[in-house]
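Step one of this worksheet: look at the structure below.
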2 protein chains.
Amino acid sequence: YQRRVHGVLWWRIMRILVTGGAGFVGAHLCRRLLADGHDVICLDNFSTSHRNNIAELLANPKFSLMEQDVETPVQQLQVDQIYNLACPASPPHYQHDPIKTVKTAFLGVLNMLELARQNDATILQASTSEVYGDPECAVQSETYRGCVSCTGPRACYDEGKRVGETLMFDYNRKYGTKIRVIRIFNTYGPWMHPYDGRVVSNFILQALKGVDITVYGTGEQTRSFQYVADLVEGMVRMMNNSTGFIGPVNLGNPGEFTMKQLADLVIEMTNSKSKLVYLPLPQDDPTKRCPDIRVAGQQLGGWSPSVTLREGLAKTIPYFASLDLSQY
Amino acid sequence: YQRRVHGVLWWRIMRILVTGGAGFVGAHLCRRLLADGHDVICLDNFSTSHRNNIAELLANPKFSLMEQDVETPVQQLQVDQIYNLACPASPPHYQHDPIKTVKTAFLGVLNMLELARQNDATILQASTSEVYGDPECAVQSETYRGCVSCTGPRACYDEGKRVGETLMFDYNRKYGTKIRVIRIFNTYGPWMHPYDGRVVSNFILQALKGVDITVYGTGEQTRSFQYVADLVEGMVRMMNNSTGFIGPVNLGNPGEFTMKQLADLVIEMTNSKSKLVYLPLPQDDPTKRCPDIRVAGQQLGGWSPSVTLREGLAKTIPYFASLDLSQY
Ligand SMILES: NC(=O)c1ccc[n+]([C@@H]2O[C@H](COP(=O)([O-])OP(=O)(O)OC[C@H]3O[C@@H](n4cnc5c(N)ncnc54)[C@H](O)[C@@H]3O)[C@@H](O)[C@H]2O)c1
Ligand SMILES: NC(=O)c1ccc[n+]([C@@H]2O[C@H](COP(=O)([O-])OP(=O)(O)OC[C@H]3O[C@@H](n4cnc5c(N)ncnc54)[C@H](O)[C@@H]3O)[C@@H](O)[C@H]2O)c1
Ligand SMILES: O=c1ccn([C@@H]2O[C@H](COP(=O)(O)OP(=O)(O)O)[C@@H](O)[C@H]2O)c(=O)[nH]1
Ligand SMILES: O=c1ccn([C@@H]2O[C@H](COP(=O)(O)OP(=O)(O)O)[C@@H](O)[C@H]2O)c(=O)[nH]1
Ligand SMILES: O=c1ccn([C@@H]2O[C@H](COP(=O)(O)OP(=O)(O)O)[C@@H](O)[C@H]2O)c(=O)[nH]1
Ligand SMILES: O=c1ccn([C@@H]2O[C@H](COP(=O)(O)OP(=O)(O)O)[C@@H](O)[C@H]2O)c(=O)[nH]1
């Protein structure tokens, strides 16, 4: 969507639909796309997010909100690009109503693929490192087929996202639909829901309040944490890559930390007196997770995350400190 | 559904819905259930089966046909049990329209679970050994999480069936729906569609015609072949097990054969002059498959397959020889 004609750079203004646009990642993505000059339509039902995330965007004439469920087909909407993010993302949220989660994951992708097909639009699906389940390999590359229990409590999300990828590739093979599939690894930053139960929001809130920090299991399980700005940069590059690369591609930060290390860092950076308490590990909780991001680097113009965990937490902690928690 | 009261055995006559009841397995199952005295409703759209399979059942007052798509919700039907078999099963069939396959797999289970919930009926889902994908282990037990490509050409079936299991277990956890999940390994016998492209039907037809037998790849890949009567016995036992065992449970014959061995056996038993020709192996074709059936044995009253491949072929070859192929 960027072209040089007789030395002049042309920049195409597009109409872009972002489902789940009021969520944590969506809130950043919508702002980025608006800053790039595009018209942005946010489709969301606010089931796992707060209106605060997009409050000041509503005054922007280039931004509009469709308050509806992604399970409802969307007809006769003209769009050039679709980012499909609508889906609960934190384990407590997606396990709260597992049947709703799997329907959202499946029907959401299906409806958005139909819309993309009607518009000849490009659709980017926010898939997840959870397609790898509880991985047997230290570092997960895109060719790894995963280790997912399809009957366990996380399956509503993991299998919903896996079959979402299946639909994406089948639409591409059958109709030539222009698809992009990204597998997002744990991401954090401002606009996370304070009560979504993910580890970064939990630990920061607990540390700020000075209450016990809840470590599940031994705390030796690992995650790699990506700051949201790095993710959004990767998403935009993936959507607009000019080689037609469809993925799947991992987007994550390969820096790997145990939950204990994360807790210690949060305590240090918040100057907190909180202590660690150990609670039972939830069923099927992956023991490790770390992305192989070589494909992203090769295909997306040398993309790699630039924000360290310490730097990202330094931007995230003030956000949580500033929240009026009574609103959530 | 069988109870001894004061020494007298009571046998409950039930209304049983069989989706995909006109298909290969369904044709056997409907007959078995009718023979057991039950009322049988067959729901089918005949997309991968022939009306011949159930032709003479239509005259039976205890049998009725609902000719419709399992993607359409079924309301206000009173049933005690549901066997959900509606789904294309052979690779050429399910890859012919992959999007239709994955929708059938997903929406079919969802609709039947809703019906089961309304009726407080027990629902048995015909899942598959394909949830294990191209397995890394010599023998697949129910705890093995599988090796499935969620983006490849078989994913429409494999992931459709995996997410179907997810829905089954989530309905069970959330609503207490009485579920049964079986993972069927390659099964063969009379009433297979002669042109469904599966290996047993292909080889037998080719041998009977005396044309080349089409071996894909080296022919060294293995499958375990179960005669359909053994499967149906296992299905009925699983549906009616009185311990409340919900599965998943493998139903298959652990006898493992290479495709070359199968071809040789078919040639021998048909006295055919056919020769083997080697064609390219389809993408993602599993290299081996063999069920661990210890759980089935323990949970289903010592169930194990009793028909050898040679015995089963001896019943299947005459069926194919007797077909008027111009009707298919
Ligand atoms: N943040 C991460 O670490 C991470 C990791 C992997 C994948 N992802 C994926 O990225 C996407 C965004 O995640 P997030 O972290 O921003 O989560 P989030 O919960 O903050 O945002 C999800 C948004 O989708 C909306 N939504 C949910 N169900 C909906 C429905 N049925 N109809 C309409 N809107 C609906 C919610 O209201 C919310 O605004 C999700 O698809 C998630 O699976 C995120
Ligand atoms: N036979 C095997 O080796 C095997 C192995 C594993 C699993 N299974 C499963 O067992 C079940 C039966 O398999 P089969 O071998 O009898 O296959 P089949 O193709 O002979 O039978 C499937 C039946 O379902 C019907 N059907 C398909 N899509 C439908 C739809 N959308 N609405 C209504 N009816 C529809 C077809 O018309 C057909 O009658 C399938 O669910 C299959 O996945 C079979
Ligand atoms: O208060 C919490 C929340 C989460 N976790 C652990 O932190 C890791 C990441 O959890 P999260 O829910 O953020 O995301 P996941 O990667 O599991 O989807 C997991 O091992 C959780 O068990 C924890 O120790 N304490
Ligand atoms: O219409 C546009 C074109 C480009 N970009 C941004 O510019 C970067 C570079 O664009 P692109 O990848 O298309 O060009 P390249 O870097 O390959 O020359 C992208 O990552 C986007 O962040 C954008 O936001 N909107
Ligand atoms: O004409 C045929 C059809 C199938 N096959 C092979 O036989 C095996 C079983 O194939 P089928 O389609 O029956 O079932 P699958 O187990 O692959 O779902 C696979 O390795 C196929 O590649 C073959 O060699 N010739
Ligand atoms: O209403 C009935 C009850 C029993 N059976 C058959 O009888 C066998 C034994 O029934 P069940 O498992 O209920 O009794 P058990 O063998 O445990 O005494 C089953 O596998 C079925 O094949 C049947 O077809 N219909």
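Computed values, structure above
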{"quantity": "Tensor-based shape of region A:273-314 (alpha-carbon gyration tensor, a/c under 1.5 rounded, otherwise prolate or oblate)", "calculated": "oblate"}
{"quantity": "Shielding by partners, peptide B:168-178 (average Cβ within 10 angstrom, other chains)", "calculated": "3"}
{"quantity": "Buried area at the B-A interface (accessible, heavy atoms, 1.4 Å probe, summed, Å²)", "calculated": "2900"}
{"quantity": "C-alpha long axis of helix B:228-240 to longest principal axis of chain B, angle in °", "calculated": "20"}
{"quantity": "Relative contact order of chain B, pairs being alpha-carbon contacts under 8 Å that are 6 or more residues apart, as %", "calculated": "17"}
{"quantity": "Copies compared at residue B:76 - label distances in nm, ascending, label defined 7 Å from Cα in the Cβ direction", "calculated": "3.2"}
{"quantity": "Relative frequency of Cα-Cα separations exceeding 31 Å in the protein assembly as shown, percent", "calculated": "56"}
{"quantity": "Assigned charges on the beta-carbon of Lys, Arg, Asp, Glu; chain B dipole about Cα centre (debye)", "calculated": "660"}
{"quantity": "Cα-based Rg and Dmax for region B:1-143, where Dmax is the largest Cα-Cα distance (Å)", "calculated": "16.7, 56"}
{"quantity": "Theoretical FRET efficiency, 1/(1+(r/R0)^6), r = Cβ-Cβ of residue A:175 and residue A:96, R0 51 Å, to 0.05", "calculated": "0.90"}
{"quantity": "Length released on extending from residue B:287 to residue B:143, taking residue separation times 0.36 nm less the Cα-Cα span", "calculated": "49.9 nm"}
{"quantity": "B:42, B:137, ranked by accessible area, largest first (probe 1.4 Å)", "calculated": "B:137, B:42"}
{"quantity": "Shortest-first distances to equivalent copies, position residue B:174, nm, label 7 Å out along Cβ", "calculated": "2.5"}
{"quantity": "Label-point separation, residue A:52 to residue B:277 (7 Å along Cα→Cβ), nm", "calculated": "7.0"}
{"quantity": "Amide H contacts under 5 Å for residue A:126, placed H, 5+ residues apart", "calculated": "A:84"}
{"quantity": "Share of carbon and sulfur in the accessible heavy-atom surface of region A:1-83 [1.4 Å probe, %]", "calculated": "50"}
{"quantity": "Within straight-line cross-link reach of residue B:209, lysines at Cα separation under 20 Å, skipping those fewer than 8 residues along the same chain", "calculated": "B:260, B:273, B:275, B:315"}
{"quantity": "Phi-based couplings in Hz for region B:146-161 (Karplus 6.51, -1.76, 1.60; Gly and Pro marked x)", "calculated": "x, 9, 10, 6, 8, 10, x, x, 8, 4, 4, 7, 4, 6, x, 6"}
{"quantity": "Helix A:98-119 axis, angle to chain A major axis (alpha carbon atoms, nearest 10°)", "calculated": "20"}
{"quantity": "Accessible carbon and sulfur surface of region B:286-328 relative to its total accessible area, %, 1.4 Å", "calculated": "50"}
{"quantity": "Dipole in debye (nearest 20) - the protein assembly as shown, about Cα centre, beta carbon charges: Lys, Arg +1; Asp, Glu -1", "calculated": "20"}
{"quantity": "Per-residue [θ]222 nm for chain B (sum of -39500 (n - 2.57) over DSSP H runs n ≥ 4, rounded to 500)", "calculated": "-11500 deg cm²/dmol"}
{"quantity": "Two-decimal Rg to Rh for region A:39-97 - Kirkwood Rh, Cα set", "calculated": "0.98"}
{"quantity": "1.4 Å probe accessible area per residue over chain A, in Å²", "calculated": "39"}
{"quantity": "Centre separation in Å (Cα based) which lies between region A:254-328 and region A:88-150", "calculated": "21"}
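The values are calculated or read from the model by the stated rules, or taken from the named source; none is laboratory data. All values derive from a computational prediction rather than experimental measurement. Using ideal geometry, Cβ is built from the backbone for each residue, glycine included, and neighbour counts are taken over all protein chains shown. Note: accessible area is taken over every heavy atom of the protein model, side chains too, but ligands, DNA and RNA are not part of it. Shrake-Rupley method; radii C 1.70, N 1.55, O 1.52, S 1.80 Å.
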